[in-house]
Amino acid sequence: MRPGRNSNDLKMPAAAVNEGPMRDHYPLQGNAPQPAFKPFAAAARLKNFLAGYFAELNAAAQADRPRVAWCTSVGPVELLRSLGFLVYFPENHGALLGASRRAMDYIPTANAQGFSPEVCSYLTSDIGAFIRGETPLTRAYPDILAVPRPHVLVYSTNQCRDVLDWFGWYARRLQAPLLGVESFRQVEEVTSTHVAAMSRQLQALVPPLEAISGEKFDLDRLREVVALSRRGSELWGQVLKTAAHRPSPLTFFDAAIHMAPAVLARGTDAALDYYEELLEEVQGRIDQGVAAVDGERYRLYWEGMPIWGKLRDLAGFLASRQACVVASTYCNSWVFTALEPGDPFDSLARAATELFIVRSEAAKERYLVDMVQRFGIEGMVFHEAKTCPSNSNSRYGLPRRLAARLGLPTVVIHGDVNDLRLYSEEQTLTSLEALLEQMAMAPAR
Ligand code: SF4
């Protein structure tokens with residue numbers, strides 16, 4: 001929200017807001033070529049981090065030490081690290097398949113195994129690639145011929161049920177143990193009952209994980225990992241918060257790339273080192289008046305999953321129209337402010353249950369209203385991902401409710417995380433153009 005605006009304005013009905021002064025009405029100018037991304041110097045460090053991360057996993061898989069755990073992206077990573085596991089994330093591999101636009105080559109292979117074309121395309125592309133014995137890691141790192149074999153697979157159903165079926169398939173195929181926690185869903189307020197139940201499940205994982213890792217559980221070590229995770233989360237959150245500045249120094253598309261250490265290196269020094277450097281760089285952009293999108297005129301919010309194979313195209317399209325996606329639910333989902341080293345199990349349980357994806361529609365609506373205020377959002381894009389209903393929040397009227405409550409244009413685009421056969425470029429760009437036209441006509445916020 002721009003300075004000087006009263007937060008109550010946001011609750012005014014659209015009709016009342018529309019009586020305000022009109023924004024300068026200008027044609028959708030731009031269309032001038034702009035780079036999709038303004039590269040960050042930290043990208044070199046990111047490249048090195050990724051190379052080191054995958055090389056370490058590859059070496060461990062070959063030497064059979066340290067043990068390798070596969071984990072869901074918002075699963076109990078800290079517990080695994082405290083027990084000496086290296087952690088690999090199949091969802092990250094799914095995103096790599098999407099970004100490399102190879103997912104469509106592999107999805108039919110998983111379909112032939114009985115997975116419907118309608119289930120998570122991370123799952124189907126990842127399993128299809130595994131069956132075919134291929135991975136995009138080989139192209140980036142020729143020494144890596146396959147994803148690292150797991151000693152254990154650990155899931156949390158806090159994000160969706162698909163991860164359980166996904167990991168279950170690998171557990172059967174590779175004859176590896178499958179452990180996990182069953183999450184609450186549609187949570188309105190996170191209560192001590194939710195926390196206690198999740199915490200007990202996390203604690204119950206310790207004995208079997210000790211047996212697999214061969215290491216004795218050490219509560220102090222878990223506290224250290226949780227402290228690192230909390231600090232890394234805070235730094236990542238600070239990076240994202242800089243986008244509240246006008247003009248924003250980074251876009252959602254930048255953040256989707258630079259969030260890799262927040263996912264892969266949670267609970268390690270590597271994440272801290274990376275986000276300290278990135279934070280300095282984005283703050284430097286603010287100090288020097290460098291905008292992620294030159295001539296920023298429109299500030300957008302992205303709700304839902306990225307369309308990995310179209311990140312660059314969408315970033316370039318919006319930049320050429322002086323539109324900056326300044327914030328997203330997705331990138332903020334790896335900011336875990338509930339973590340407390342002094343109370344590791346309960347705080348891990350709380351962090352896992354406070355997640356947006358776990359919450360009720362009303363809680364999600366409150367969260368999005370808050371984000372609109374914090375980041376001065378003027379329009380919202382809801383991505384309805386065909387194979388990811390759990391993270392598509394346009395299906396039960398939320399965009400309309402927000403539009404009515406905030407007097408804010410919203411648009412729903414139909415696509416998918418990985419399966420580009422479910423995405424229409426023409427429809428999407430037309431919808432985005434219409435959104436920007438509505439924003440151009442809207443009163444200044
Ligand atoms: S949240 Fe969506 S994209 Fe992620 S694993 Fe579940 S279904 Fe797949």
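Just so you know, all these numbers are worked out from the coordinates, no wet-lab data involved. Predicted model only: the values in this text are computed from it and were never measured. FYI the Cβ positions are ideal-geometry reconstructions off the backbone, even for glycines, and counts take in every protein chain you see.
The fewest-to-most ranking of V325, V74, V187 by surrounding Cβ atoms within 10 Å reads V187, V74, V325.
A Förster distance of 41 Å, applied to the separation of the beta-carbon atoms of Q238 and S424, puts the FRET efficiency at 0.65.
Here each label is just a point 7 Å from Cα along the line to Cβ, and for E118 and T193 those points are 3.3 nm apart. How tilted is helix 269-287 with respect to the longest principal axis of the chain? Cα atoms for both, answer in degrees (0 to 90, nearest 10). Between the helix axis and the principal axis of the chain, the angle is about 10 degrees.
With loop membership from DSSP and a limit of 16 other Cβ atoms within 10 Å, the longest segment of the chain without GluC sites (Glu not before Pro) is 216-445. Mean residue ellipticity at 222 nm, helices only, the chain: -15000 deg cm²/dmol; runs of at least 4 DSSP H residues each add -39,500 (n - 2.57), and the sum is divided by the number of residues.
Based on alpha carbons, the Rg and Dmax found for segment 30-113 are 17.2, 55 Å.
A DSSP coil position with no more than 14 other Cβ atoms inside 10 Å describes the following trypsin sites (Lys or Arg not before Pro) in segment 381-424: R395. Between G84, G114, G232, the GNM of the chain built on Cα springs shorter than 10 angstrom shows G114 fluctuating the most. If you add up the charges near S82, with Lys and Arg at +1 and Asp and Glu at -1, over every other residue whose beta carbon is less than 11 angstrom from its beta carbon, what do you get? Overall, the nearby charge balance is -2.
Between helix 425-441 and the chain there is an angle of about 50 degrees, using the helix long axis and the longest principal axis of the Cα atoms. Between D269 and A63, the modelled labels are 1.8 nm apart [label points 7 Å from Cα along Cα→Cβ]. On full extension, the segment bounded by A43 and R139 gains 32.7 nm, given 0.36 nm per residue less the C-alpha separation. Between E361 and R312, the FRET efficiency estimated from the beta carbon spacing at R0 = 30 angstrom works out to 0.40. Net charge dipole, the chain: roughly 400 debye, given to the nearest 20, about the Cα centre with Cβ charges of +1 for Lys and Arg and -1 for Asp and Glu. Inverting the pair-averaged 1/r between distinct Cα atoms of segment 5-441 gives 22.4 Å as its Kirkwood hydrodynamic radius. The angle separating the long axis of helix 361-375 from the principal Cα axis of greatest extent in the chain is about 60 degrees. Structural size metrics of segment 258-323, computed from C-alpha coordinates, are Rg and Dmax of 14.6, 39 Å.
Taking each of K47/K241; K310/K364; K47/K216; K241/K310; K47/K310 in turn, the alpha-carbon distance tops 28 angstrom for K47/K216. Using the Cβ of E361 as centre and a radius below 11 Å, the other residues enclosed give a net charge of +3, where K and R count +1 and D and E count -1.
Taking a point 7 Å from the Cα of S431 along the Cα-to-Cβ direction, the residues of segment 361-384 with backbone N closer than 15 Å to it are 380-384.
Candidates F167, G304, L209 compared by Cα position along the dipole of the chain: farthest toward the positive end lies G304, with charges placed on Cβ.
Fewest neighbouring Cβ atoms within 10 Å first, the residues T337, T268 line up as T337, T268.
Overall, the anisotropy analysis places segment 362-445 in the oblate class: the square-rooted eigenvalues a ≥ b ≥ c of its C-alpha gyration tensor yield a/c not less than 1.5, with a/b not exceeding b/c.
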